1. Could you pull out every one of the lysines with an alpha carbon less than 26 Å from that of B:K192, ignoring same-chain neighbours closer than 8 positions?
2. Please report, largest first and rounded to whole Å, the three semi-axes of the ellipsoid equivalent to chain A, where each semi-axis is the square root of five times an eigenvalue of the C-alpha gyration tensor.
3. Over chain B, calculate the relative contact order: mean separation of alpha carbon pairs under 8 Å at least 6 apart, over the residue count, as a percent.
4. Just to verify a number: FRET efficiency for B:A297 and A:D19, C-beta to C-beta distance, R0 = 60 Å, to 0.05?
5. Per-residue ellipticity at 222 nm for chain B, helices alone: DSSP H runs ≥ 4 residues times -39500 (n - 2.57), over residue total, nearest 500 deg cm²/dmol?
6. Cα gyration tensor of the stretch B:1-155, axes a ≥ b ≥ c as square roots of the eigenvalues: rounded (a/c below 1.5), prolate (a/b > b/c) or oblate?
7. Mind checking the dipole of the stretch B:181-246: about its Cα centre, +1 per Lys or Arg Cβ, -1 per Asp or Glu Cβ, Debye to the nearest 20?
8. Across chain B, how large is the tail of the calculated P(r) beyond 33 Å, expressed as a percent of all Cα pairs?
Amino acid sequence: MTTPSLLTLGPVLFNWPVDQWRDFYARIADEAPVDVVTLGEVVCSKRAPFFEDALPEVIERLTDAGKQVVLASPILVTTERERAAVRGLIGTEDLLVEANDLGAVAQLAGRPHLVGPFVNVYNEATLTWLAARGATAVSLAPELPAPSLKALAAEAARHGVAVEAQVFGRVPLAISARCYHARAHGLHKDGCQFVCGQDADGMDVETLDAQPFLAVNGLQTLSHTYLCLASELDELRAMGVSRFRLSPHTVDMVRVSSLFRDALDGRRGGAEVAAELAGMIDRAPLANGFFHDRAGAAFVGGDGAAAM
Amino acid sequence: MASFELICPAGTPAALRAAVDAGADAVYCGFRDETNARNFPGLNFSRDELAEAVRYAHARGRKVFVAINTYPAAGNAGPWHRAVDDAARLGADAVIMADLGLLDYAARKHPDLRLHLSVQASAANPEAIGLFHEAFGVQRVVLPRVLTVADIKGLTAQAPVEVEVFVFGGLCPMAEGRCSLSSYATGLSPNKQGVCSPASHVRYEPRGDELVSRLGGFTVNVFGADEPAGYPTLCKGRFAAQGRASYLFEEPTSLNALALLPELKAAGVHALKIEGRQRGKAYIASVVSTYRQAIDAFERSGTVPHVDLDAVIEGSRDTAGAYQRSWR
């Protein structure tokens, strides 16, 4: 409880036009009450070149605004080019790196680094092992239920490691070598025409009974629902979670981050924030089922009843 | 170069004997609990059954690997530690694991126990594989099904360990061990409980002439009267995107890389793995003996004989999956 709560912004997972991407971070720098901003193309290496030229300017803008900038490594690294990109990232000496695959974990050993939500940290032994190699913060997978978060946060405190939980945004559920965006458009990954750029919050995937179900983002599959743990913030803090991660969407992220800041600072109640967020996001309902050890798509209300 | 090692699944003692008798070089199995990624009702081995399985295999010069490849739950490492301790005590030739903390435990507690890295660890590049080798002495990696044959060749050249790849059976289109689709729909996941799209959450509902398959609260497929109804594994379901219904993630197919044996040999692959611990002994016997004959013929002649696996291929369709670049 003595650790100050940090509001962190995860990387933009979607393929936004570079101008939109740059403008987004400019506004975050100027207006969003977030403490940490994680940058980097983590989903598809084919997109990375679009953002390379704009990256130094965005880093500078955020840093000047007092944000701590973190560079995230990609989730899936298989090709020589992708490996070289990770080596380049690791070579960045003045910024913290968030490892999102075990190859990056390997290369960051012996220096302070962050472990991202795409590295499996399910138990105390794994967390302890990562801490011994230099991890200073671990962002836990949204799949973990509250008792696991509690046990991991307690272990992390013994090692001086900060624990992060995603509290807002669609939940990454899977990564593949196959591009489902391309596949849905009758294309292959090699000739994808960057059709993922058509869906700034992910492509809707419905069941054959027209139930909204998932969202596809190129190689990545996310939840249709937007994770919201606003009502659970006090419980998370009591466990020792000190970093609260917001995943960027086209919804007004300045307002989203302000709402979470207000909740963390006690100016507004978590349930009130959740209700306001539900009103802002008209394309999908909120969910918090993973935290409550239910199906991830479920929303467990204050009365403990689950809806889906 | 040494002959391919053929690694075969067993969900029951009868399947294990069938696999050994059909020519498996090694059989992999798990204990009857959440410590392995095929934690299905009626499957897997008690401690006594594993002891007997090891005796049966060793008497015939074959090996037994024990999969302890889920991620131990926070606050409850006991079942996973006992699984490792018992596998070592009962004479397993290797344990197949994915979790960093559990590998650390096994390496420290049982320094002589051979460690294999499970596909569930999703180690897809030499740096990741090197980490497991250097930190825990892992001697073999089972590659995730996200790599082309060309990727595998580049990887074996740099990886300091033996490489094992899947050649037949159920195909995950997602990187293994990094998928929460099942728990999003049901609350139960491969990583935590060792189940994917669990039978406890499956419903088949007739609707006129159609049959609807559901998992948790979600429709996974709708079958017409003339279509065989498959099991609603989430990533093999039919969904709508861009206004069109399709098998968006993967068709209900079996992986079959038999035709790729020459390429896999040239890529430096050491062992070939068949998926299917949930399968019956007749299926195991059929697939294992077919692969045994094909591998032996290939090792003798350098060419892959034509063999008939149609009877055991899911949906009567097969694919070389991610091994071919066009799959992506």
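Readers should treat all values here as calculations from the given coordinates under stated rules, not as data from a laboratory. Just so we're clear, the structure is a prediction, and the values are computed from it rather than from any experiment. Cβ: placed from backbone, ideal geometry, glycine included. Neighbour counts: every protein chain shown.
1. In chain and number order, the partners are A:K150, B:K109, B:K236, B:K273.
2. Values for chain A, descending: 26, 25, 20 Å.
3. 21 percent
4. After rounding, the FRET efficiency stands at 0.50.
5. -9500 deg cm²/dmol
6. Judged from the Cα gyration tensor, the stretch B:1-155 comes out oblate (a/c at least 1.5, b/c at or above a/b).
7. 320 debye
8. 24 percent
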